[in-house]
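What follows is a short report on a single structure.
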Amino acid sequence: MKKIITIIMALALVAAVAIGLVACGNSFEDGEPVDIPALDVQEVRSYEGLTVPADFKIGMICLHDETSTYDANFINAVKAAVKALGMADNQLILKTGIDEKAVCYTTAVELVNQGCDVIFADSFGHEDYMIQAARDYRNVQFCHATGTKAHTTGLANYHNAFASIYEGRYLAGIAAGMKLNEMNKDKADGEKNYKMGYVGAYTYAEVISGYTSFYLGAKSVCPQVTMAVQFTGSWYDVAAEKEAAENLIKNEKCALISQHADSMGSPSACEAAGVPNVSYNGSTIEACPSTFIVSSRIDWTPYVKYIIAQTVEGKAIATDYTGSLKDGSVALTAVNGGVMAEGTIDAIVEARAKLAAGTLKVFDTSKFTVNGAALTTYLADVDDLGDYVGETEVVSGGAFEESKFRSAPYFDLAIDGITRLNAAY
């Protein structure tokens, strides 16, 4: 009997080990997506019972088209929201390739004349033109992603929206840090490389907040990490983004690359060089099966549903709307099973639960320094009046309170451990 029990226990141990190998990703192939379990605590609004009138229309203004990962993320979200609310395809009017110039205003007017009840624009530079349109057409709701001025305009029909994407980037950073640890595990001290590279569009707070949170996520599991950032001066420039990634890989000797820019330039450069990559705004697993790890993104579907419902019901839209992990606005793609490091999913799930509960703060001031000193106070330029003067104290309770005083990011500090290779933009 003891022999039988011993055999059974041995078989059970083998099975447990096999399951463990699958769970940690060791048996996955490159390019095989592995879903991250859903967040346990969610606050998702139900729209059951909402009837959108057949003559209701929403207009969408996009800087580029679906070839841009950034714009594709918006386009997919607004289409998903329209479908989920039972609306017909012709109730959405999509305008793509709208530059951050006066054409944005004329496009907004076209959408008003086409009967749109709510108009949503997706790029930072659209803001002033959307505000102008909101002033001229007070019976239409104008909503703008990434903008900063809604809380100072005094317009009841103009609204800004963003999400706590810094939390998503922090989680993606954990995946990056885990990968760095794995890559250096069996190397001699002189061969270890914990340096990451980051391709950024501009030296805007949005970009700085994003790459800093990514770095802090990596640092939370890989204390040795450093990072170099190269800016391109454009949200979408395939050649410039590819060149920046190549420079970070070849000349800066970065072992892993991430980005806040909208083309496939950086991921494709990583795939060609065999360097792990954390992308943004969507998975690049099909094009980069051997290097893609994970991507964070804002899922705009909850917000689009919200602005449609509020407009239909005649209710006010929030002046500044900040989506969260809990409402599904901050999302991670599936992880690349063949590229992720062992334990990555468990580490992400654990940190995500703490972020959602508020027990973990991305910009915990005990976790970083600025010029060698702890950050105890900071006046941020929240009102963005064009004077570039900070007026709002944003350090409280041991943390920099990002996206509390407006939805768009305002973290613009240069923390230790991150080097800017250029700052011309």
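Any read-out appearing in this document is the output of simple, stated calculations on the displayed coordinates, not a laboratory observation. The structure presented is a predicted model; accordingly, all values stated were derived computationally and were not measured. Cβ: placed from backbone, ideal geometry, glycine included. Neighbour counts: every protein chain shown.
Could you tell me whether the range 86-100 includes any residue that is of a type in the set (S, T, N, Q) and either more than 23 Å from Tyr158 (Cβ to Cβ) or buried (at least 19 other Cβ atoms within 10 Å of the Cβ) (or both)? Step through it out loud before you land on a result.
Our first condition is that a residue be of a type in the set (S, T, N, Q); within the range 86-100, this holds for 90-91, 96.
Pick out the ones that are also either more than 23 Å from Tyr158 (Cβ to Cβ) or buried (at least 19 other Cβ atoms within 10 Å of the Cβ) (or both) and you get 90-91.
Taking every residue of the range 86-100 in turn, at least one turns out to be of a type in the set (S, T, N, Q) and either more than 23 Å from Tyr158 (Cβ to Cβ) or buried (at least 19 other Cβ atoms within 10 Å of the Cβ) (or both).
The set of residues in the range 39-94 that are in a loop (DSSP other than H, G, I, E, B), within 29 Å of Leu355 (Cβ to Cβ) and free of Cβ contacts under 8 Å to residues at least 40 places away in the same chain comprises Ser46, Glu48. Does Lys195 satisfy being crowded, with 17+ Cβ neighbours inside 10 Å, among the basic types (Lys, Arg) and within 21 Å of Met340 (Cβ to Cβ)? When the stated conditions are applied, Lys195 passes them.
Considering only residues that are in a loop (DSSP other than H, G, I, E, B) and either on the phi > 0 side of the Ramachandran plot or surrounded by 24 or more Cβ atoms within 10 Å (Cβ to Cβ) (or both), which ones fall in the range 267-298? Step through it out loud before you land on a result.
Residues of the range 267-298 that are in a loop (DSSP other than H, G, I, E, B), as a first pass: 274-276, 281-291.
Gly274, Pro276, Asn281, Gly282, Thr284, Ile285, Cys288, Thr291, listed by residue number.
Can you tell me which residues in the range 329-377 are hydroxyl-bearing (Ser, Thr, Tyr) and either touching a Cys at 6+ places or on another chain (Cβ under 7 Å) or surrounded by fewer than 16 Cβ atoms within 10 Å (Cβ to Cβ) (or both)? Passing the criteria: Thr359, Ser366, Thr369, Thr376, Thr377.
Name the single residue that is farthest from the chain's Cα centre (by Cα) among those in the range 50-96 being among the hydroxyl-bearing types (Ser, Thr, Tyr) and farther than 19 Å from Thr146 by Cβ. Please lay out each step first, then the result.
Within the range 50-96, the subset among the hydroxyl-bearing types (Ser, Thr, Tyr) is 51, 67-70, 96.
Narrowing further to those that are farther than 19 Å from Thr146 by Cβ: 51, 67.
Values: Thr51: 31, Thr67: 18 Å.
Per the criteria, the residue is Thr51.
Restrict the check to the range 335-349 and report whether at least one residue is among the polar types (S, T, N, Q) and assigned to a loop (DSSP other than H, G, I, E, B). Among the residues of the range 335-349, not one is among the polar types (S, T, N, Q) and assigned to a loop (DSSP other than H, G, I, E, B), which makes the answer no. Considering only residues that are assigned to a loop (DSSP other than H, G, I, E, B) and either of a type in the set (S, T, N, Q) or within 20 Å of Asp346 (Cβ to Cβ) (or both), which ones fall in the range 316-334? Once the filter is applied, which keeps residues that are assigned to a loop (DSSP other than H, G, I, E, B) and either of a type in the set (S, T, N, Q) or within 20 Å of Asp346 (Cβ to Cβ) (or both), the range 316-334 yields Thr319, Ser324, Leu325, Ser329, Thr333, Ala334. Taking the criterion of being outside any loop (DSSP other than H, G, I, E, B), free of Cβ contacts under 8 Å to residues at least 40 places away in the same chain and out of contact with any Phe, Trp or Tyr (no Cβ under 6 Å at 6 or more places or on another chain), the residues of the range 381-425 that qualify are Glu393, Ser396.
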